[in-house]
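The values are calculated or read from the model by the stated rules, or taken from the named source; none is laboratory data. This one's a predicted model, so the numbers in the text were calculated from it and none came from an experiment. All Cβ positions, even for glycine, are placed from backbone atoms using ideal geometry, and neighbour counts span all protein chains on display. What goes into the accessible areas is simple: the full protein's heavy atoms, side chains included, and nothing from ligands, DNA or RNA. Shrake-Rupley method; radii C 1.70, N 1.55, O 1.52, S 1.80 Å.
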Amino acid sequence: QVHLVESGGGSVQAGGSLNLSCTTPKAPGYTFGPYCMAWFRQAPGKEREGVTTIDRNGRTIYADSVKGRFTVSRDNAKNTLYLRMSSLKPNDTGMYYCAARSSTTCPFSQSFYNYWGQGTQVAVSS
């Protein structure tokens, strides 16, 4: 029912910036309003980890590894989620996934989220 599509991935040098977005082009009746929105990432050979979440009230939670460098935001009218990444490090490299679920509590747990995008690749070189 809800299809999420990420964009904005690419290759960047360490210290650079990159902006990701997530939209729902195949769900015209869907609204971000009541949904938890989250970004996860997975590096090759590693477990998928939570990057950040943003709830319906705009409250955000960040993984310690990205806090102070990444900023998540949402535009509910446009059904769009954003991730602004700066001061990128090589260990930020991975596939970044957008996820969603209708809830007031937004954990990092993968199993919590109903809807997922296919991911966008981020590569940070030194």
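Normalised per residue, the accessible area of the range 1-63 is 51 Å², obtained with a 1.4 Å probe and no contribution from ligands, DNA or RNA. Under 5 Å from the amide H of residue 115 lie the amide H atoms of 100, each residue being 5 or more positions distant or on a separate chain, with H modelled from the backbone and absent for Pro and chain starts. Lysine pairs in the chain whose alpha-carbon atoms fall under 25 angstrom of each other, counting only those eight or more residues apart or on distinct chains, come to 4. If you take all other residues with their beta carbon under 11 Å from the beta carbon of residue 35, and give Lys and Arg +1 and Asp and Glu -1, the sum is +2.
Averaging 1/r over each pair of different alpha-carbon atoms in the range 13-70 and inverting the result gives 13.6 Å, the Kirkwood hydrodynamic radius.
Distant-in-sequence amide contacts of residue 80, defined by a placed amide H-H separation under 5 Å and a gap of 5 or more residues or a different chain, comprise 75.
Quick one: plug the Kirkwood hydrodynamic radius of the chain (C-alpha pairs) into Stokes-Einstein at 4 °C, 1.567 mPa s, and report D in µm²/s. It would help to have the intermediate numbers written out before the result.
Numbers: Rh = 14.3 Å.
So the translational diffusion coefficient is about 90 µm²/s.
Please go through the range 75-105 and write out the chymotrypsin sites (Phe, Trp or Tyr not before Pro) that DSSP classes as loop and that have at most 11 other C-beta atoms within 10 Å. Sparse-neighbourhood loop chymotrypsin sites (Phe, Trp or Tyr not before Pro): none present. For the chain, the Cβ-based charge dipole about the Cα centre amounts to some 140 debye (Lys, Arg positive; Asp, Glu negative; other atoms uncharged). Residue by residue, the range 39-51 carries 3J(HN,Hα) couplings of 10, 10, 8, 9, 8, x, x, 10, 6, 5, 10, x, 9 Hz when phi is fed to the Karplus relation 6.51 cos²θ - 1.76 cosθ + 1.60 (θ = phi - 60°); x denotes Gly or Pro. Backbone amide hydrogens, once placed in the peptide plane, bring residue 16 within less than 5 Å of 88, excluding anything fewer than 5 places away on its chain.
Its relative contact order, with pairs defined as Cα atoms under 8 Å and 6+ residues apart, puts the chain at 36 percent.
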